[in-house]
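Read the structure below first, then the notes.
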Amino acid sequence: MRPIQVFDDKMEGSKAIARHIAHLVKRRREEHKPVVLGLATGSTPIGVYEELVRIHKNEGLSFEHVITFNLDEYYPMRPSSQQSYSWFMHHHLFNHIDVPAQNIHIPDGALAKNHIPAFCRGYEAAIKNAGGIDLQLLGIGRTGHIGFNEPPVSADSITRLVSLHPITIEDAARNFGGISFTPTEAITMGISTIMQAREIVIAGWGPNKAAIIKKAIEANIDEQIPASYLQTHASVKWVLDKEAAAELSEMTEHADA
Ligand code: GLP
C-alpha cells in the first residue's frame, strides 16, 4: 500500500484495508506464526470488519492464530453494555470469526479506579509478550486524536486513563442519548504504544475529517495534533475517501492510478 491512498468511497477504501489485513493473516498462517493486530472502534473501521467477516465466511480465512489488542475503552464502562467498545468489537467482528476468546484484549472499563495503573502496565506487558503489534488499524477523531489520545499529548505516553476532549464527548453523545450520559474518561493505548506497531493503517472517511487530516499529514508535528506523530513512523498508510482527502495540498496518488 502507498503512503496516502485515496478511494472514490469508503467502501472501496475499507475493502482495500481488509484485503491488506487478510493477506498478512494468511501469510502468517502459512508460516505457522501468530499475528498481532491492533484494532480500532468508531464508525470508521466498520466496513473493514464487514469485509474481513465476508472473507472469513466466503474464502475460509482463519483467525485462529490472530491475537488482538484494542486501542481503547470508555471509563467507566461495563463490557456487556451495548455502548462499550467490547460489545462493538464482538458485534462487528469477533462473534463472526474464529479468533480464540483468550487471544482478544480490550482495556477493561469496569475496573475500580485504583486498579487501573496496574492494569495498564499489564496491557503494555501483554503486547510485548505477544511479540508487539504487527499491524495497528486507526481512525482519527475530530480533535486529531488516535485511540483516545487527546491534545496535548506527549510522544512517550503509554496505556493510561485519560479525560476526553469536549468535542469527542459531543461526537460520542449521539451513541449515549445525550452529553450528560456520555463518559468523560477512557483507558487508551498511548502514542508510544501505537508508534511501536510495525505497521500502521489509518483510515478517514467523509468531509468532517478533511481539515484534521490535512493538519495531521501536512502541519508540523505538534502535541496539539496527536495524529501528526505518525509522520515519523517508518510504515504508515493513510487510506482516505475523496472527501476526507479534499483539503490535502500534497500530490496524492489516486488508488486507481
Ligand atoms: C473514537 C475512538 C477513535 C476513533 C474516533 C473516530 O473516539 N476512540 O479510535 O478513531 O472515535 O470515530 P469515527 O470513526 O466514528 O469517526
Worksheet entry | DSSP-loop GluC sites (Glu not before Pro) across segment 1-107, with at most 12 other Cβ within 10 angstrom | Glu31, Glu64
Worksheet item: Semi-axes of segment 76-156's equivalent ellipsoid from the Cα gyration tensor, sqrt of 5 times each eigenvalue, largest first, rounded to whole Å?
Response: 21, 17, 17
Practice prompt. Determine the principal axes of the Cα atoms in segment 1-99, then give the extent along each, sorted from largest to smallest and rounded to whole angstroms.
Written response: 38, 35, 25
Worksheet item: If you average the sequence gap of Cα pairs under 8 Å that are 6 or more apart and divide by the length of the chain, what percent do you get for the contact order?
Response: 25
Worksheet item: To the nearest 0.05, what FRET efficiency results for Lys113 and Ser249 with a Förster distance of 35 Å applied to their C-beta separation?
Response: 0.20
Item to complete: Using a Gaussian network model of the chain whose springs link C-alpha atoms within less than 10 Å, name the residue from Arg29, Arg142, Arg174 with the highest mean-square fluctuation.
Response: Arg174
Worksheet entry | Within-13-Å neighbourhood charge of Lys113 [Cβ basis; K, R +1; D, E -1] | -1
Worksheet item: In the neighborhood of Val53, defined by Cβ-to-Cβ distances under 13 Å, what is the net charge if each Lys or Arg adds +1 and each Asp or Glu adds -1?
Response: -1
Fill in: Close Lys-Lys pairs in segment 4-256, where close means Cα under 26 Å and separation is 8 or more or interchain
29
Discussion item. Going by amide H atoms built from the backbone, whose H comes under 5 Å of the H on Val36, apart from near neighbours?
Written reply: Ile67, Asp134, Leu135
Discussion item. Looking at segment 167-247, I'd like the Rg to Rh ratio, where Rg is from alpha-carbon atoms and Rh is Kirkwood's inverse mean 1/r.
Written reply: 1.01
Worksheet item: Tell me, Kirkwood radius of the chain from alpha-carbon pair distances, in Å?
Response: 18.4
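Taken together, the values in this text are just the output of simple stated rules run on the coordinates, not laboratory data. What you are looking at is a predicted structure, and each value in this text was computed from that prediction instead of being measured. For neighbour counting, all protein chains shown are included, and Cβ atoms are generated from backbone atoms with ideal geometry for every residue, glycine included.
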